[in-house]
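One structure is given below, encoded as structure tokens.
What follows is calculated from the coordinates using simple rules that are stated; it is not laboratory data. Nothing here was measured: the structure is a model prediction, and the numbers come from that model. Virtual Cβ from ideal backbone geometry, glycine too; neighbours counted across all protein chains shown.
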């Protein structure tokens with residue numbers, strides 16, 4: 001399948017590579033061209049504009065935030081202006097529910113189709129083609145996307161024909177991951193100050209009560225204090241919690257823990273932690289307890 005790919009950060013680069021490995025013809029665009037260069041050897045065609053990435057009937061975006069998506073999709077010469085009628089835009093970015101709804105309307109007005117397809121998984125899973133895809137959009141668009149989803153992910157969950165539903169699921173999932181990170185950090189600060197080794201504690205937890213990958217992944221990062229380089233930057237984590245709270249306010253759903261997490265991320269960022277991995281909020285409890293400087 002011929003597909004354009006826009007956004008080659010930690011996640012996008014791996015996703016584009018997985019599409020190439022699966023035999024798809026991939027045209028890539030990134031504002032910083034250097035990030036696209038490694039994909040040339042894998043068979044990608046690098047282009048200099050959004051319009052050139054939209055020549056075929058499908059384009060995938062994997063961008064950092066609402067502003068980036070809005071600018072490249074709705075801006076002059078962007079995806080709305082460039083994608084052919086009947087073409088499909090698959091948005092894998094973690095964006096607000098409100099923007100997802102706006103994009104669906106704009107694409108429909110332009111005679112195009114829009115599928116929200118955010119993913120769960122860190123960069124290592126993106127590079128391995130083992131992400132989990134949360135998809136929402138029209139049945140025909142989802143069917144057309146199946147070969148692409150199969151290339152980047154180990155499983156696709158189709159949740160609705162309304163795209164914004166996938167974004168709500170994604171935000172709620174990231175909220176839950178952040179809850180795990182914070183609770184792990186607090187528990188590890190408690191047992192650590194009581195003289196119990198962090199790594200031993202993580203091994204006990206993940207061998208008994210909490211064997212899920214999220215506990216193993218983030219438990220190890222917190223125990224090792226390995227917050228750099230970031231697989232997912234703290235500033236992006238803060239953004240996701242902010243978008244979760246906005247969605248909750250729109251639906252009139254109180255989320256007390258999300259409010260706490262917002263403050264934890266702001267604390268981390270106020271101390272220069274913007275570029276650390278978002279698991280670094282799990283180190284705040286130890287600092288509060290006087291354990292880490």
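Taking every DSSP bridge with both residues inside the stretch 1-129, close to 0 percent are antiparallel. Of the peptides 153-165, 228-240, the order by per-residue mean of other Cβ atoms within 10 Å, starting with the highest, comes out as 228-240, 153-165. Classify the stretch 114-213: rounded, prolate or oblate, from the alpha-carbon gyration tensor (a ≥ b ≥ c, eigenvalue square roots; a/c under 1.5 rounded; otherwise prolate if a/b is larger than b/c)? Here the stretch 114-213 falls in the prolate category. Springs between alpha-carbon pairs under 10 angstrom, Gaussian network model over the chain: which of 50, 181, 196 fluctuates most? Between 50, 181, 196, it is 196 that shows the largest mean-square fluctuation. Here residue 289 and residue 204 are evaluated by their C-beta separation; at R0 = 22 Å the FRET efficiency comes out at 0.65. The shape of the stretch 168-288 can be summarised by an equivalent ellipsoid whose semi-axes, obtained from the alpha carbon gyration tensor, come to 24, 16, 13 Å from longest to shortest.
Overall size of the stretch 2-161 from C-alpha positions, given as principal axis extents largest first: 38, 33, 25 Å. Using a 10 angstrom cutoff on alpha carbons, build the Gaussian network for the chain and name the most mobile of 11, 62, 188. Comparing 11, 62, 188 in a Gaussian network model of the chain, the most mobile one is 188.
Out of every Cα-Cα pair that the chain contains, those further apart than 30 angstrom amount to 33 percent.
Taking every Cα-Cα distance in the stretch 79-148 and sorting them into 5 Å bins from zero, the calculated P(r) comes out as 4, 16, 26, 23, 17, 10, 4, 0 percent.
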